Amino acid sequence: LKGRRPPTGAIDDYDTDDDAADDDLTEMQSVRTEKTSVTGNTKKSQTSVKIAPELAKLTLFHGTKFKSWGESGQALTHHMHSFSESRVRSFCKHNQSQSWIQYNQTHISRTFPSGNRTNSSNYSPILAWATGCQMVALNLQTPDEMVRMNYGRFRENGEQGYVQKPSTLMMKGVTEPRTTHIEVKILSGSCIPKPKGVSDGECINPYVSISLFDCSDGREVTSTQVTNTVFNNGFSPIWKFEDSFHFDVKNACVAVMQFTVMDKNSTPTKTDEFIASASIPIACMRQGIRSVQLSDAHNTRSGAFDFASLLVLVKFQHCQAEI
């Protein structure tokens, strides 16, 4: 879908800035904008394209270099930008979120992890979603909490493809994010397997970590609270009914709540093990007692995870409406 079209004018239109250099795919496809050889007082410049022009013409989107939001907004709609995670944070930090939202109403933006993440770790996609970016790339080979949050985002449409952008990101002018307050109680669990779904070993000691991934004033906001541990019971653990967890949601259109079941290690020197999780967009959560289906680290429900679930009680300060 995205590529380079043969130069037709100014060659500095291509996105060969630092962001593009961070992106291996973009760097491989990029155009060498200028080769200069000096012979005496004579300079010769030539442009070489690394991809066949016939192939480049088949691409739908044309990656261009970012200069300013005003100039980018006037570009053809099939012209797009690619930004590394550091640029995402920089734009949001310096109050350029609204300009980016307006740009994304008519153009495409793609974000990607920093090239410095040699261990294939991930950044939070929340800020990119909050500014209306359409392509938020992650290192899917690493099943961390950010990838699980991404899986949750696509639960909005039953994991059937594209997710529609929130209507507030398509309005003209400045729009205030929708806020709300959520109270969550973890009541019980059912058929929670051992870590990695193994069949042998000791009984697990499950507890639940509830995390809210949100954003406010151009910054990522993450808050996490943890239940008590139920020892030696993965089949039907029951947590303390009196424990309730409160979360202030700053941007309900993009915020995601993640329920993570961990196995408390009886040896203090060893780390607790991940068992299962479920990520749910705040826009999809409803009041009442709800059953939350759990998945393994790769977002699958099969084998030992077929019937794994949590029973939770959800209360909103204001009744949650469709977003």
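The trypsin sites (Lys or Arg not before Pro) of the stretch 239-285 that meet both conditions, a loop assignment by DSSP and at most 15 other Cβ atoms within 10 Å of the site Cβ, are LYS240, LYS264, LYS270.
The accessible-area ordering, largest first, of the residues VAL174, VAL292 stands as VAL174, VAL292, per a 1.4 angstrom probe.
Within the stretch 237-316, which chymotrypsin sites (Phe, Trp or Tyr not before Pro) sit in a loop by DSSP and count at most 14 neighbouring Cβ atoms inside 10 Å? Walk me through the numbers before you get to the answer.
Working: sites: TRP239, PHE241, PHE245, PHE247, PHE259, PHE274, PHE305, PHE307, PHE316; in loops: TRP239, PHE241, PHE307.
Loop-located and lightly packed - PHE241, PHE307.
Amide H to amide H distances under 5 Å link ILE51 with no residue, where only residues 5 or more positions off or on other chains count and H is placed in the peptide plane.
Each residue, ASP200 and ARG286, gets one label point 7 Å from its Cα in the Cβ direction; the gap between the two is 4.5 nm.
What FRET efficiency comes out for the pair MET135/GLN225, r = Cβ-Cβ distance, R0 = 45 Å, nearest 0.05? Between MET135 and GLN225 the formula returns 0.90.
Between the alpha-carbon centers of the stretch 195-229 and the stretch 78-107, tell me the distance in whole angstrom. Computed from Cα coordinates, the inter-centre distance equals 31 Å. In this simple spin-label approximation, LEU55 and ASN265 carry label points 7 Å from Cα along the Cα→Cβ vector, and these lie 4.7 nm apart. Under 5 Å from the amide H of ALA276 lie the amide H atoms of VAL261, each residue being 5 or more positions distant or on a separate chain, with H modelled from the backbone and absent for Pro and chain starts.
Close amide H partners of ILE108, meaning residues 5 or more places away or on another chain with modelled amide H under 5 Å apart, are HIS81. Residue-wise HN-Hα couplings along the stretch 223-232, as the Karplus relation 6.51 cos²θ - 1.76 cosθ + 1.60 with θ = phi - 60° gives them from phi, are 10, 10, 10, 10, 7, 6, 9, 9, 8, 6 Hz; Gly and Pro carry x. Using only alpha carbons, the stretch 186-323 has a radius of gyration to Kirkwood radius ratio (Rg to Rh) of 0.98. Using 0.36 nm per residue and subtracting the Cα-Cα separation, the extra length available between GLN164 and ASN95 on full extension is 22.4 nm.
For the cross-link pairs LYS194/LYS270; LYS67/LYS250; LYS196/LYS240; LYS65/LYS165, which exceed 21 Å when the distance is taken from alpha carbon to alpha carbon? Check vs 21 Å cut-off fails for LYS67/LYS250; LYS196/LYS240; LYS65/LYS165. Checking every one of the GluC sites (Glu not before Pro) in the stretch 150-206 against DSSP loop status and a limit of 13 other Cβ atoms within 10 Å picks out GLU159, GLU202.
Taking only protein heavy atoms into account and a 1.4 Å probe, give the accessible area per residue of the stretch 221-323 in Å². That works out to 51 Å² per residue.
With all protein chains in place and ligands, DNA and RNA left out, the 1.4 Å accessible area ranks HIS78, HIS94 as HIS94, HIS78, largest first.
Working from label points 7 Å from Cα in the Cα-to-Cβ sense, the ASN119 to ASN157 distance is 3.5 nm.
Whole number in Å², please: accessible area per residue of the stretch 89-204, 1.4 Å probe, ligands, DNA and RNA not counted. Show your work: numbers first, answer last.
On the way: 5840 Å² over 116 residues.
In whole numbers, the stretch 89-204 has 50 Å² accessible per residue.
Computed from backbone phi, the HN-Hα couplings of the stretch 180-190 come to 6, 10, 10, 10, 10, 10, 8, 8, 7, x, 8 Hz, rounded to whole numbers (Karplus: 6.51 cos²θ - 1.76 cosθ + 1.60, θ = phi - 60°; Gly and Pro given as x).
The values are calculated or read from the model by the stated rules, or taken from the named source; none is laboratory data. Fair warning: this is a prediction, and the values are worked out from it, not measured in the lab. Reconstructed Cβ throughout: ideal geometry from the backbone, glycine too, with neighbour counts over all protein chains shown. The protein model used for the area step is the full one, side chains on, heavy atoms only, and it has no ligands, DNA or RNA in it. Shrake-Rupley method; radii C 1.70, N 1.55, O 1.52, S 1.80 Å.
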